[in-house]
Amino acid sequence: MGVIKRYQHGMALIIVLMLFAILSTLAMEILFRQNRFLNRADNLLQWDKRYQYAMAAEVVAQQGLIDDLQDDIKNNAQLDDCVEEKWAVQLPPTPYEDAFLSASVQDLQGRFNLNWLIADSPDGFVRQQDRVRELEQLLDEILPDQSNPGRLANEMADWLDSNNIVDEAEGAEDPEYRDRRTPNMPATHESELRALLGFQATDMPEDPMAWGLLTALPPGTSLNVNTAPQQVLNAVVGSLAGPEGVKAIIDSRKEEPISDIGSLLAMPVFSEMDEEDRDLLNARLGVSSEYFQVMVDVEVDGQLSRLVTRLFRGGGEGEPTAVVSRQVSPLLTPLEPACNPFYNEE
Ligand SMILES: [Ca+2]
Ligand SMILES: [Ca+2]
């Protein structure tokens, strides 16, 4: 009898010990999970905090753009340039509560619009071979030597045009891609260039800022001669009016912003041009902008976020200012300079 009782005591002790071991493991697991949960919640909270700060900065930049437009309407001179304008700002890292905010605003209409390669017609999106050559010229200037800008420009046109025919000697439509389809419609972002069949990792521009020379806006959007960097003017104006035409624009905007295209084209270098070419420039160039980009970097406790917002600044009552896209992107490059990259190069 006594033996059994002792044995039962022994069993009870083992069970208690095991239970204790299980409980302490459980407690460890709970602590570990709680800790992880708290870290995750804290990371999310911090991320959201940086996002809200960035959104606040975006609203301030947006208001700056609206104020500028209202000023212009009041002064009856609608133009946007990189020198005298309030919107073309660069905010250096500025402390705000527990964060550092930096921001800059760019004019997307000073960039080469990939969608110029097509024209919207009743037959769909029709490629514009002259524009393809302009893109080729620009890519030749910004891509590494071993790239093939002619092939990429023609593939871009096939990517955008409505037909499924490779129109030129070089190009690519659906049958060439196999694993993906061409959209056959305007691009929504310049990074679509990287989706082209012929684009290789080695084709990335040596200076990542060169992406800031390209954009994707509606096909008929004009180029703002007051904000376009020289490389873009070389492609668009230089192809019709030669380097003298580009120089005339850069020289005259140094004095003061170009206020209308009519008087610009009355300058000898343009007035001596073929009338058809001059009309073309007249239709493609402008002195003001509707599409802008706001870049905001936020740092809290050494953690960073970047928000890139693209805006349409409506002109009239029925055309309110609207966000076209928002992109939270990793910080792989410095903040783009205000106005446009390379604008102040010379
Ligand atoms: Ca085609
Ligand atoms: Ca096509």
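The values are calculated or read from the model by the stated rules, or taken from the named source; none is laboratory data. Keep in mind the model is a prediction, meaning the values are calculated, not measured. With ideal geometry, Cβ positions are generated from the backbone for all residues, glycine too; neighbour counts draw on all protein chains shown. Quick note on the areas: whole protein, heavy atoms, side chains included, nothing else; ligands and nucleic acids left out. Shrake-Rupley method; radii C 1.70, N 1.55, O 1.52, S 1.80 Å.
Give the accessible area for Val328 in Å² (nearest 10); use a 1.4 Å probe, count only protein heavy atoms, and leave out ligands, DNA and RNA.
Solvent-accessible area, nearest 10 Å²: 70 Å².
Can you tell which of Thr321, Thr202, Thr221 shows the greatest fluctuation in a Gaussian network model of the chain with Cα springs below 10 Å?
Its mean-square fluctuation being the largest, the pick is Thr202.
Starting from the 7 Å offset along Cα-to-Cβ, what nm value, one decimal, do you get for the label separation of Arg36 and Asn344?
4.9 nm
Asp140 to Glu29: extension gain in nm, 0.36 nm per residue of separation minus the Cα-Cα distance? Kindly include the intermediate steps, with their values, before the conclusion.
Values: separation 111, 0.36 × 111 = 39.96 nm, distance 5.92 nm.
My answer for the length gained is 34.0 nm.
Once the Cβ-Cβ distance between Leu13 and Asp301 is put in as r, and R0 is 56 Å, what FRET efficiency do you end up with, to the nearest 0.05? Walk me through the numbers before you get to the answer.
On the way: r = 50 Å, r/R0 = 0.90.
Efficiency for this residue pair is about 0.65.
Which of Trp47, Trp87, Trp116 moves the most in a Gaussian network model of the chain with Cα springs under 10 Å?
Trp47
What percentage of the solvent-accessible surface of region 1-127, computed with a 1.4 Å probe over protein heavy atoms, is contributed by carbon and sulfur atoms?
Numbers: 5750 of 8670 Å².
On region 1-127, the fraction of accessible area on carbon and sulfur atoms equals 66 percent.
Please work out the FRET efficiency for the pair Asp68 and Glu176, using the Cβ-Cβ distance as r and a Förster radius of 41 Å; give the result to the nearest 0.05. Mind showing how you got there, number by number?
Values: r = 46 Å, r/R0 = 1.11.
It comes to 0.35.
If you build a Gaussian network model of the chain, linking Cα atoms that sit under 10 Å apart, which residue out of Tyr291, Tyr51, Tyr96 swings the most?
Maximum fluctuation in the GNM of the chain, among the listed residues, is at Tyr96.
Which whole-number percentage describes the relative contact order of the chain, with Cα contacts under 8 Å and a sequence gap of 6 or more? Show your work: numbers first, answer last.
Details: 546 pairs, mean separation 77.0, N = 346.
The normalised contact order for the chain reaches 22 percent.
Write down the percent of antiparallel bridges among all DSSP beta bridges whose residues are both part of the chain, to the nearest 5. Kindly include the intermediate steps, with their values, before the conclusion.
Numbers: 35 of 40 bridges.
Taking every DSSP beta bridge with both residues in the chain, the antiparallel ones total about 90 percent.
Kindly state, to the nearest 0.05, the FRET efficiency for Asp48 paired with Ser191, given R0 = 30 Å and r defined as their beta-carbon distance. Mind showing how you got there, number by number?
Values: r = 26 Å, r/R0 = 0.86.
In this case the efficiency is close to 0.70.
Once neighbouring chains are kept in place and the probe is 1.4 Å, which whole percent of the accessible area of region 212-260 is contributed by carbon and sulfur? Spell out each step's value before the answer.
Working: 790 of 1620 Å².
It is 49 percent, rounded to a whole number.
Using a probe radius of 1.4 Å on heavy atoms only, what accessible surface per residue do you get for region 283-332? Whole Å² is fine.
On the way: 2260 Å² over 50 residues.
Normalised by residue count, the accessible surface of region 283-332 is 45 Å².
Place a point 7 Å from the Cα of Glu84 along the Cα-to-Cβ direction; which residues of region 35-72 have their backbone N under 12 Å from it?
Residues 72 qualify, since their backbone N sits under 12 Å from the label point.
Which GluC sites (Glu not before Pro) from region 176-235 combine a DSSP loop assignment with at most 15 other Cβ atoms within 10 Å? All intermediate terms of the calculation are to be shown ahead of the outcome.
Numbers: sites: Glu176, Glu190, Glu192, Glu206; in loops: Glu206.
Answer by residue number: Glu206.
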